[in-house]
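Single-structure report; data block below.
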């Protein structure tokens with residue numbers, strides 16, 4: 001009888017690609033992958049620790065799993081486990097704790113249980129690790145391809161270097177081999193992912209640009225979307241490559257975090273607002289229809305009302321398409337903990353709401369700029385209310401009445417008008 005195995009992933013796209021890779025390690029003859037909300041023999045939570053809220057969600061997921069089957073073995077792996085293994089080990093619902101390297105040995109741990117004893121903890125120190133574990137998710141429509149891991153920046157608010165270790169990647173040849181595996185599947189679109197993908201090849205003679213040049217040649221891949229790239233690492237040649245390409249999509253994700261140079265300095269970011277604005281201008285000059293997303297943190301300890309006003313105005317003045325807004329959350333071992341906090345929780349909430357409203361205005365403005373254009377939409381299988389959705393090359397959402405023959409196909413669609421929800425219908 002097959003053992004039932006359920007996965008639950010929190011956090012970034014990198015986590016999702018790794019979960020998918022780990023799930024493929026289990027032989028189908030012995031294991032059946034089931035939904036996390038159903039009864040299973042093994043529950044695996046790939047955790048996130050980027051915010052306190054994410055950590056609470058991890059703990060809740062473990063409790064829910066144990067409630068569904070008290071006899072099940074519950075594993076917590078990933079970033080939360082890496083940063084706070086002792087905390088996770090004290091969770092009553094968790095039986096096994098694996099760090100970010102040990103999680104790739106999950107099949108071995110589950111096939112050799114230690115019996116009834118205290119929670120097992122296997123967490124290696126990532127400080128000097130040079131191991132890179134390639135990964136990709138399996139999805140009929142799109143896949144996340146992990147090309148890099150770790151970060152050397154140590155921004156004052158961020159715990160990722162402690163959770164993921166130092167920046168590292170495989171070679172171009174190794175990465176292309178994985179991309180070719182994806183190219184042999186039904187996947188129509190690849191999303192390149194990592195902690196700091198612009199750092200690909202750091203310490204070698206290879207670069208992220210070199211990788212993109214080779215990825216464009218991989219057969220079977222119709223669309224490649226580049227995920228988050230730090231502004232100082234998004235070079236002119238990368239933007240120019242995307243502008244000329246028929247494979248790379250006109251969609252850029254540029255982390256900003258603050259539109260105030262004083263705050264960026266306090267955050268220990270590697271650019272200023274002038275450089276950021278220059279990158280946005282370069283993209284829009286070559287690709288006027290490109291989608292540009294930004295990340296922003298509100299309520300950083302030293303962010304005054306004037307600093308926030310500068311950030312809000314900076315975003316308002318730039319042709320940004322939408323914004324991911326994050327409320328600052330204290331992380332252990334970060335330098336921001338030693339800064340005097342001048343932002344109260346109610347003020348953080350107010351600033352967050354103002355940025356969310358600005359983001360929605362920017363998104364609608366970007367969508368309206370595309371009215372009357374014809375775009376290529378990759379239709380997905382998800383169905384809600386009899387409708388299916390898809391995304392254009394420049395990341396505009398389109399919905400249409402569900403048709404099974406449209407699933408995982410790319411169709412040209414004229415964007416005519418927005419519905420009451422601010423979405424295009426085809």
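Could you please find all residues in the stretch 58-88 being surrounded by fewer than 16 Cβ atoms within 10 Å (Cβ to Cβ) and either assigned to a loop (DSSP other than H, G, I, E, B) or under 24 Å from the mean Cα position of the chain (by Cα) (or both)?
Hits for the stretch 58-88 are 60, 70, 71.
Please indicate, with yes or no, whether at least one residue in the stretch 172-180 is part of a helix (DSSP H, G or I), closer than 30 Å to residue 52 by Cβ, assigned by TED's automatic domain parsing to the domain that holds residue 300 and touching a helix residue (DSSP H, G or I) at 6+ places or on another chain (Cβ under 7 Å).
There is no residue in the stretch 172-180 that is part of a helix (DSSP H, G or I), closer than 30 Å to residue 52 by Cβ, assigned by TED's automatic domain parsing to the domain that holds residue 300 and touching a helix residue (DSSP H, G or I) at 6+ places or on another chain (Cβ under 7 Å).
Can you pull out the residues in the stretch 278-315 that are over 21 Å from residue 395 (Cα atoms), out of contact with any strand residue (DSSP E or B) (no Cβ under 6 Å at 6 or more places or on another chain) and outside any loop (DSSP other than H, G, I, E, B)?
Matches in the stretch 278-315: 278, 305, 306, 307, 308, 309, 310, 311, 312, 313, 314.
Inside the stretch 405-426, can you point out the residues that are farther than 16 Å from residue 388 by Cβ and without any contact (Cβ under 8 Å) to a residue 12 or more places away in the chain?
Listed by number, the list holds a single entry, 420.
Restricting attention to the stretch 316-344, which residues are in contact (Cβ under 8 Å) with a residue 40 or more places away in the chain, part of a helix (DSSP H, G or I) and more than 16 Å from residue 267 (Cβ to Cβ)?
Within the stretch 316-344, just 316 meets the criteria.
Consider residue 158 against the criteria (1) in contact (Cβ under 8 Å) with a residue 24 or more places away in the chain; (2) not assigned by TED's automatic domain parsing to the domain that holds residue 327: it satisfies all of them except one. Which criterion is unmet?
Failed condition: (2).
Let's see how each residue does on (1) surrounded by fewer than 20 Cβ atoms within 10 Å (Cβ to Cβ); (2) assigned by TED's automatic domain parsing to the domain that holds residue 360; (3) modelled with pLDDT of 95 or more; (4) closer than 20 Å to residue 358 by Cβ:
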| site | (1), (2), (3), (4) |
| --- | --- |
| 276 | no, yes, yes, yes |
| 289 | yes, yes, yes, no |
| 294 | no, yes, yes, yes |
| 329 | yes, yes, no, no |
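When you scan the stretch 89-152 for strands (runs of 3 or more DSSP E) that lie fully inside it, which ones turn up with 2 or more residues that are touching a residue at least 40 places away in the same chain (Cβ under 8 Å) and surrounded by 17 or more Cβ atoms within 10 Å (Cβ to Cβ)?
142-146
The values are calculated or read from the model by the stated rules, or taken from the named source; none is laboratory data. Keep in mind that what you see is a predicted model, and the values were worked out from it rather than measured. Cβ coordinates were reconstructed from backbone atoms using ideal geometry, including for glycine residues, and neighbour counts include every protein chain displayed.
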